[in-house]
Every structure is written in C-alpha cells, then in structure tokens.
Amino acid sequence: MLSRPLFLGSEIYRGSSYGPSHPLRVPRVSTVIDLARALGWLGPDQYMTSPRAKPAALTAWHTPDYIAALQRAEATQEARPEDIARHHIGTVSNPVYPEIYRRPATAAGASILAGELLADGGIIHSPAGGTHHGMPDRASGFCYLNDAVLAILSLRAHGARRIAYIDIDAHHGDGVEFAFGADPECILISVHQEKRWPGTGTLADDGGGHSHNLPVPRGLNDTEFAYILNELILPKVTRFAPDAIVLQCGADAVEEDPLSHLELSNNAHWSAVAALMGLAPRLLVLGGGGYNPWSVGRLWTGVWAVLNGHPIPERLPPEPEAVLRALEFKGNRRGRNPPEHWFTTLRDAPRPGPIRDEIRHGVGVLIRRDT
Ligand SMILES: [Zn+2]
C-alpha cells in the first residue's frame, strides 16, 4: 500500500502545445509541478515520472490501427486523408503536433501504472490524465487516448472490481461512458454543462444502465455544487461501496475558464476531493479540461494540497507567486490584465448562490434510480 499520496508527472508536458491558437497551448501540468515544489509539497519521495505506455498496453482499449496512425502522424508530422476520416486526427480540435503520440501515451502510462501501484490501496494524483473523450479508434475533443478508461482496466487487472468514476469536468465524460456505462460493477456520475459539446449525457441517458448524467445550466455556483455532491454523488458512491474511485477533476467548470459557462470556484473541486477520500481504499485523481493557465495551475495544486492535508496559505510565498506571475495567456482577453489574486493565492473566493429548481429536479431523478 502507498504510505503517502503519489504524484505522477512528466517533463514532456512542459513546453508541449497543440498549436498557437488551440486551447491546449497553455502550460498546465508543469505549473502544478512548479507550484507544488515551490510550496515544499512535492519532494522526490512523492513524485514519480510517468512511463510512456507501450502500444501493446494501449490496445487494451484502443485499436492497433489507431495507435499506428498516431505514431505515424508523430513521425511524419502530417495526417493522411484516411487518418482524418477514420481517426479524426489532423482536425482543428485534434491537430497533429510534435508530441501527438508521446504526450497522450505518457498520460496513459501514468493511468496504467496507477492501477498497478494502487493494487494494495492508496492515493495517486495524475493531473495529465482525465482525457475522457478519447474513443477506441479515434480522437475526440482534444483527447487522443482515453487514459481514464485505461486506468479503470488497470485497476481491474490489479484486484479492484467495483469502480466509481466521478467526472466533474464541464463536459460529459462520453468516452468513459461508452466503455463502462453498461458495466454492473461500475457506477459513473458525470456533472457537466447542458447543451454543450459533445451533446451526449442528457439526464435520461443512463449509458446502458450504470451511468448517471447531470447536465447543469450556465452559471453553476458553489452552493449548487455542494448540493450535488452531498445529495447525489456521496450517497451514490457510499452505497455502491467501490474498491476504487477515479475522479476526473477537470478544471474547466470554474468561472475563469474560457471554454465553458459554469461559475464554480476551486473550493468546489477541493470539497469533492476531500469528501471522496476515504470512501474507497484506492483513489486516483485525474486532471481533464481547463484552459485558463492560472485557474488550472491553482486548482490542481490545491487538489494535491487536499490529498496531503496541507493547509492552503492565505497568501502565497514569493517563490510560488513567481511561478504564477511568469505565466502567459496569449490570444485571450483574460491574459491581458490578470487580477492580482491569480498571482498571490491558490484559493478562489467562494461563489455561493441559489439552488435552481432544474438542479433539484435532476438530482432527484438520479437519486431515485436504483443503480
Ligand atoms: Zn471539459
């Protein structure tokens, strides 16, 4: 059993970009590593470099043709017409970029390793993971592989049967639902903005029986999130009694995110992490979406603090502040004049609000479902 939480990272994410106008041009994992180290929270005993998954390991869920196409696209830096048509690589969302195979294979390697390292219990944070839209034979929504699916398969291969997958990204975890929505030894709960890409994950969609989808309206606030957590997520997970919990902790449901219209503060995500700890012997916290470099870095560093029980300082010391001041957000208005607290704090001010009827209704429908 892991005696302390383990952080799986890699230097491959530093400087890697999907291209100058793509949302994933911003640094994310490297910021978390730098912030956590600057805060004294990430000694060498808690950090492990993620291995790159071998193609054979990826074919546990992905097709060999697709893996070969990703490797070929990385080698040639171009997509053939059939790669675009069959595998959706070389599109605006899923461009060919220098690490198009190695980067997702490294995040997948972390998820596969996590399943092994958690065999006897423990906690792992892999913020590069959470690529929940990846499909067996195609890229989707910036996700080339689906490391969350590979994590669940690896947990299963190492002794965990019953898996709770909780997804609090602003988008529906459609790839994971495709893989496990009908699996009686899985419970899937996804909270996401309604009527957003990829369009799946309606309230009525049960993914084949074991998926719980709660589409939420624009402006989701912290009070509403606490209601969802306490009335839906925690009772369902507790009753399911999982052997492992996988939390996709995407950072795109916060107010500052440029791609979604939800208005959480990062306190919401941290409360979910804290509440899920201890509900299963194994906990894997993945990243996911998140396209504002400050909010992503601050949120996931705070996740690591919660997992370790570190109090979050009211004001950051100079060294982590310098990490945040060095970030840039080119091509977005939020990068022009960032508010001071993006540099000097990890914790957002809470964003409370009324609980809307639509949310009460959705939670009620899902609570009444048997599974
Ligand atoms: Zn997302």
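The values are calculated or read from the model by the stated rules, or taken from the named source; none is laboratory data. From a predicted model like this one, the values you see are computed outputs, not experimental measurements. When we count neighbours, we look across all protein chains shown, and the Cβ atoms used for this are built from the backbone with ideal geometry, even at glycine. Side chains included, ligands, DNA and RNA excluded: accessible areas come from the protein's heavy atoms. Shrake-Rupley method; radii C 1.70, N 1.55, O 1.52, S 1.80 Å.
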Inset, instruction - For Ser265, work out the one condition from (1) open to solvent by 20 Å² or more (accessible area, probe 1.4 Å); (2) away from the ligand (no atom under 16 Å from the Cβ); (3) of a type in the set (Ser, Thr, Tyr) it doesn't fulfil. - result: (1)
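I'd like the residue in the range 277-290 that is surrounded by 24 or more Cβ atoms within 10 Å (Cβ to Cβ) and not charged (D, E, K, R) and, out of all such residues, is farthest from Thr31 (Cα to Cα).
Filtering the range 277-290 for residues that are surrounded by 24 or more Cβ atoms within 10 Å (Cβ to Cβ) and not charged (D, E, K, R), the one farthest from Thr31 (Cα to Cα) comes out as Leu283.
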Legend entry - Qualifying positions in the range 85-143 - polar (S, T, N, Q), open to solvent by 10 Å² or more (accessible area, probe 1.4 Å) and under 13 Å from the mean Cα position of the chain (by Cα): Thr131
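Looking at Thr106, Thr131 in this structure, which one is among the hydroxyl-bearing types (Ser, Thr, Tyr), closer than 25 Å to Gly201 by Cα and either in contact (Cβ under 8 Å) with a residue 12 or more places away in the chain or in a loop (DSSP other than H, G, I, E, B) (or both)?
Thr131
Within the range 304-323, identify whether any single residue is within 16 Å of the ligand (Cβ to nearest atom), touching a His at 6+ places or on another chain (Cβ under 6 Å) and not in a loop (DSSP other than H, G, I, E, B), and answer yes or no.
So far as the range 304-323 goes, no, none of its residues is within 16 Å of the ligand (Cβ to nearest atom), touching a His at 6+ places or on another chain (Cβ under 6 Å) and not in a loop (DSSP other than H, G, I, E, B).
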